[in-house]
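The values are calculated or read from the model by the stated rules, or taken from the named source; none is laboratory data. Since the structure is predicted, the reported quantities are computational estimates derived from the model, not experimental observations. Quick reminder, even Gly has a Cβ in these numbers, built from the backbone with ideal geometry, and neighbours come from all protein chains shown. Heads up: the accessible areas ignore ligands, DNA and RNA and are worked out on the full protein's heavy atoms, side chains in. Shrake-Rupley method; radii C 1.70, N 1.55, O 1.52, S 1.80 Å.
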Amino acid sequence: MAKPMHPTPRIDQLESGPWPSFITGLKRLANDDGKPYQDMVVDLLGQLETSYETRKGYWKGGTVGVIGYGGGVIPRFTELLDEDKKPKFPAAAEFHTLRIMPPAGMHYTTDILRKMCDVWERHGSGLIAFHGQSGDIMFQGAKTENVQPAFDEFNEMGFDLGGAGPAVRTGMSCVGAARCEQSCANEQKIHRMLVNNFLDDMHRPALPYKFKFKVSGCPNDCMNAIERADMAVIGTWRDDMKVDQAEVKNYVASMGRKKIIDNVITRCPTNALSLNDDDTLTVDNRNCVRCMHCINAMTKALSPGDDKGVTVLMGGKRTLKIGDLMGTVVIPFKKLETEEDYESLVEVAQNAIDFFAENALEHERTGEMIERIGLVNFLEGIGLEVDPNMISEPRQSSYIRMDDWDEEAAKWFERKAAA
Amino acid sequence: MSAPRMPIESGVPEPFQYMHPVMQKNFGQWKYHDRPRPGVLHHVAKSGDQIWTVRAGTQRQMDVYTIRKLCDLADKFGDGFVRFTIRSNIEFLLGDESKVAPLIQALGKEGFPVGGTGNSVTMIAHTQGWLHCDIPGTDASGVVKALMDELHEEFIREEMPNRVHITTSCCQINCGGQGDIAINIQHTKPPKINHDLVANVCERPSVVARCPVAAIRPAMVNGKPSLEVDEKKCVCCGACFPPCPPMQINDPEHSKLAIWVGGNHSNARSKPSFQKLVAAGIPNNPPRWPEAAAVIKKILATYKKDAKDWERMNDWIDRIGWSRFFELTELPFTKFHIDNWRGARRSLNASAHIRF
């Protein structure tokens with residue numbers, strides 16, 4: 001006999017309206033007679049209604065995991081107790097999440113999604129988030145005893161736990177080359193090579209704090225990599241962008257010169273575009289900064305060049321502790337063609353993670369460490385050379401010792417001569 | 001007793017096994033795309049192959065029946081291949097144009113809005129909230145449900161000057177990230193400390209180290225080792241709460257919502273930008289957060305009316321200036337809008353550039 005539903009007048013109000021309702025979904029599970037998760041979801045709704053009433057959260061962490069790994073499960077135990085210090089909603093007293101890494105680019109067949117649902121129906125709450133902000137599939141709501149069997153089944157299906165805590169975290173990559181003409185990289189390969197080479201640092205958390213990889217195939221950066229990743233890999237190109245002049249003329253003919261001038265030409269951040277009298281386009285490619293605007297606006301006429309590669313930025317993160325930071329350039333351009341190229345990208349990541357592990361303070365992200373020690377110390381620590389593409393402008397303050405200026409200047413000319 | 005099963009450390013799965021065959025075949029060989037209607041993308045490969053993508057909104061936290069329903073639709077009307085966007089929209093991949101309209105109709109019948117492409121207000125990036133997080137000041141899925149009900153028409157149309165990304169965060173860590181509009185918890189009172197528990201629950205030196213303004217110090221309280229907060233220095237950020245739950249920061253009355261605008265992760269036109277504070281003191285008012293929704297709708301309506309084609313929220317404000325932004329949105333400008341964090345003087349107007 002299933003538990004009766006708790007009265008939920010507040011969250012019931014989230015069932016109306018045109019957007020799909022997660023409350024309606026939860027109620028479907030709570031009314032699903034005979035299913036192992038039924039009572040758990042009845043009590044989950046009870047606790048959620050309490051939060052809506054008191055405007056307080058009632059979950060605390062703890063230690064729950066799977067054999068062989070030190071992270072990847074988010075333990076949740078209820079803190080909502082009755083007068084006898086017993087859980088007020090006992091069937092949902094344990095409500096742990098398994099973070100499972102999706103296929104790179106988040107592609108699924110209906111077959112694999114149905115299999116995931118079947119596992120989660122047997123071992124979990126029946127509630128799945130596609131996806132968390134971390135980039136994981138969040139299988140939300142397992143009792144402690146069900147965490148291992150659920151993981152074993154997902155693991156046998158070819159899926160692995162993602163990161164949690166002070167560890168290499170689950171990465172993300174855009175749809176990229178699979179469907180997007182603006183892709184300048186093999187995003188899924190970069191994503192898988194980076195994350196899969198650091199699984200030990202993911203599954204056995206021992207870093208100062210989290211370290212995230214994100215990969216976007218072009219500077220539109222649909223994965224928010226610069227903003228959110230400790231190491232962002234952004235596809236780009238260094239030769240001329242491609243212009244199909246016949247298609248440019250078609251755009252001018254259909255949209256009119258004014259619209260093209262107002263929406264494309266004058267929106268170029270470096271004034272690198274000029275619309276000619278014969279309705280063809282001239283591009284000052286040396287001053288194009290690869291911002292993507294004109295390519296986004298005229299998808300049929302303009303596209304990235306052929307000499308593709310990636311820009312690497314490091315140090316992006318969210319607010320805690322010193323404030324939000326964007327990643328900054330550490331490699332302006334890197335070719336990714338041969339296996340050796342890809343391996344050298346992994347080596348860059350390895351050097352950055354080793355340096356981070358060695359030098360960051362506890363709970364300090366890469367970006368905060370760079371802020372504390374200065375970019376130059378970081379670059380020297382991971383073996384990368386300085387480049388003017390790493391800055392918006394040179395230093396303004398004269399308070400700096402420059403004893404070995406001549407040697408540093410000589411290095412610049414040597415590097416230039418070698419290039 | 002048999003040896004325990006050890007994990008297969010397989011990492012990120014290879015995606016081709018789950019990818020639509022047209023996408024596998026034309027991997028890295030796409031030519032251009034267009035959008036035949038809101039919610040539909042049409043990509044053409046150099047080979048001449050084509051693929052149609054129908055994008056629909058979901059509630060993100062989905063029960064297995066919702067997922068199976070989406071699978072049924074993908075099998076019956078599509079080719080059995082889907083993917084998810086970073087903002088939890090589902091995409092159905094179709095190799096045949098004739099399948100587009102029937103799928104859209106079926107999605108509509110089942111209550112899944114088709115849209116979120118181009119110049120729309122797409123799905124809100126959000127976090128876990130009261131449903132699952134251990135430190136939330138508010139809910140996430142509920143806020144998003146309430147707001148997307150209000151913004152539904154802007155999701156299914158492409159009538160904004162440019163795309164609009166909205167995010168929510170249930171604490172000041174800001175897991176929701178940067179957005180054209182961000183709705184984030186903002187605490188207004190220092191943590192309330194349960195001194196009976198601190199010594200047993202918290203590693204005191206790491207809590208002291210966590211404070212961004214060095215306002216926490218070790219102290220003996222009622223004969224027990226605990227922590228105390230210099231409330232004059234405290235910025236009420238809540239950074240001490242995750243490592244030390246007895247330092248309760250969430251408050252039903254004093255944890256408010258703040259609204260930030262102009263965050264943009266794209267490099268298109270201008271460099272990626274952070275969001276800036278525009279409104280605060282908004283009550284955390286479940287189940288539908290009407291006060292927050294009203295501010296967001298006012299900002300969106302102003303942006304929609306005043307911004308030019310292709311201007312994202314930040315581009316628009318760069319053009320019209322912040323004084324005009326506050327004038328047009330009728331939001332109050334206060335002393336709290338003037339930054340005093342590190343590097344803040346760079347955000348001040350060191351010029352005679354004034355708009356009248």
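Annotations
- All positions within the range B:73-83 that are crowded, with 21+ Cβ neighbours inside 10 Å, facing chain A (nearest Cβ under 7 Å) and either touching a His at 6+ places or on another chain (Cβ under 8 Å) or not small (G, A, S) (or both): B:F81, B:V82, B:R83
- Only one of the numbered conditions (1) more than 7 Å from every other protein chain (Cβ to nearest Cβ); (2) open to solvent by less than 30 Å² (accessible area, probe 1.4 Å); (3) at positive phi is violated by B:G11, and that is (1).
- The residues of the range B:235-257 that are of a type in the set (A, V, I, L, M) and open to solvent by 50 Å² or more (accessible area, probe 1.4 Å) amount to a single one, B:V235.
- Residue match in the range A:404-414 (condition: outside the structural domain of A:L325 (by TED's automatic domain parsing) and assigned to a loop (DSSP other than H, G, I, E, B)): yes
Residue-by-condition table, conditions (1) of a type in the set (V, I, T); (2) touching a Ser or Thr at 6+ places or on another chain (Cβ under 6 Å); (3) surrounded by fewer than 22 Cβ atoms within 10 Å (Cβ to Cβ); (4) in contact (Cβ under 8 Å) with a residue 60 or more places away in the chain:
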site	(1), (2), (3), (4)
A:Q182	no, no, no, yes
A:N186	no, no, no, yes
A:D200	no, no, yes, no
A:C218	no, no, no, yes
A:A225	no, yes, no, yes
A:A232	no, no, no, yes
A:A246	no, no, yes, no
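- Every residue from the range A:80-94 that is out of contact with any Pro (no Cβ under 9 Å at 6 or more places or on another chain), under 20 Å from A:L45 (Cα atoms) and of a type outside the set (K, R): A:D82, A:P87, A:F89, A:P90, A:A91, A:A92
- The range B:137-161, residues that are more than 9 Å from chain A (Cβ to nearest Cβ), open to solvent by less than 20 Å² (accessible area, probe 1.4 Å), modelled with pLDDT of 95 or more and touching a strand residue (DSSP E or B) at 6+ places or on another chain (Cβ under 7 Å): B:V143, B:M160
- Subset tally (residues that are in contact (Cβ under 8 Å) with a residue 60 or more places away in the chain, over 15 Å from the mean Cα position of the chain (by Cα) and open to solvent by less than 10 Å² (accessible area, probe 1.4 Å)) for the range B:263-281: 0
- Within the range B:18-69, considering residues that are of a type in the set (F, W, Y) and touching a residue at least 24 places away in the same chain (Cβ under 8 Å), the one farthest from the other protein chains (Cβ to nearest Cβ): B:W52
- Scanning the range A:46-73 for residues that are open to solvent by less than 40 Å² (accessible area, probe 1.4 Å), over 25 Å from the mean Cα position of the chain (by Cα), facing chain B (nearest Cβ under 8 Å) and not aromatic (F, W, Y) yields A:L48, A:S51, A:G57, A:G68.
- Some residue of the range B:93-101 being farther than 16 Å from A:M223 by Cα, out of contact with any Phe, Trp or Tyr (no Cβ under 7 Å at 6 or more places or on another chain) and within 10 Å of chain A (Cβ to nearest Cβ): no
- Residue check for B:Q186: closer than 18 Å to A:K56 by Cβ and within 9 Å of another protein chain (Cβ to nearest Cβ): no
- Checked against (1) surrounded by fewer than 22 Cβ atoms within 10 Å (Cβ to Cβ); (2) in contact (Cβ under 8 Å) with a residue 60 or more places away in the chain, B:W260 passes all but a single condition, namely (1).
- Candidates A:V330, A:V289: the one that is in the same structural domain as A:A232 (by TED's automatic domain parsing) and either in contact (Cβ under 8 Å) with a residue 60 or more places away in the chain or assigned to a loop (DSSP other than H, G, I, E, B) (or both) is A:V330.
- Single condition B:P286 does not satisfy, out of (1) part of a helix (DSSP H, G or I); (2) touching a residue at least 12 places away in the same chain (Cβ under 8 Å); (3) under 22 Å from the mean Cα position of the chain (by Cα): (1)
- Residue that is open to solvent by 10 Å² or more (accessible area, probe 1.4 Å) and closer than 22 Å to A:I128 by Cβ, where the choices are B:G116, B:G111: B:G111
- Matching residues in the range B:127-136 - criterion: being touching a Lys or Arg at 6+ places or on another chain (Cβ under 7 Å) and crowded, with 24+ Cβ neighbours inside 10 Å: B:H132
- Among residues of the range B:309-328 that are open to solvent by less than 20 Å² (accessible area, probe 1.4 Å), those with a Cβ under 7 angstrom from a residue that is in a helix (DSSP H, G or I) and aliphatic (A, V, I, L, M), sequence gap 6+ or separate chain, pair up as B:F325/B:I317.
- Residue match in the range A:391-407 (condition: in contact with a Ser or Thr (Cβ under 8 Å, 6 or more places away or on another chain) and either among the hydroxyl-bearing types (S, T, Y) or closer than 30 Å to B:V207 by Cα (or both)): no
- Scope the range B:162-177; condition open to solvent by 10 Å² or more (accessible area, probe 1.4 Å) and touching a Lys or Arg at 6+ places or on another chain (Cβ under 8 Å); matching residues: B:R163, B:H165, B:I173, B:C175
- Summed over the range A:95-111, residues that are more than 30 Å from A:H6 (Cα to Cα) and either crowded, with 18+ Cβ neighbours inside 10 Å or in contact with a Pro (Cβ under 7 Å, 6 or more places away or on another chain) (or both) total 11.
- B:G129 being more than 10 Å from chain A (Cβ to nearest Cβ) and either at positive phi or within 15 Å of the chain's Cα centre (by Cα) (or both): no
- When the range A:5-22 is filtered for residues that are facing chain B (nearest Cβ under 8 Å) and aliphatic (A, V, I, L, M), the ones remaining, listed by number, are A:I11, A:L14.
- For the range A:292-315, the candidate set comprises residues that are more than 9 Å from chain B (Cβ to nearest Cβ) and in a loop (DSSP other than H, G, I, E, B); within that set, the residue that is most open to solvent (accessible area, probe 1.4 Å) is A:D306.
- Qualifying residue in the range A:78-85 (condition: of a type in the set (A, V, I, L, M) and facing another protein chain (nearest Cβ under 7 Å)): no
- Hits in the range B:96-117 - residues which are part of a loop (DSSP other than H, G, I, E, B) and under 29 Å from the mean Cα position of the chain (by Cα): B:E110, B:G111, B:F112, B:P113, B:G115, B:G116, B:T117
- B:S88 in a loop (DSSP other than H, G, I, E, B) and either within 7 Å of chain A (Cβ to nearest Cβ) or touching a residue at least 40 places away in the same chain (Cβ under 8 Å) (or both): yes
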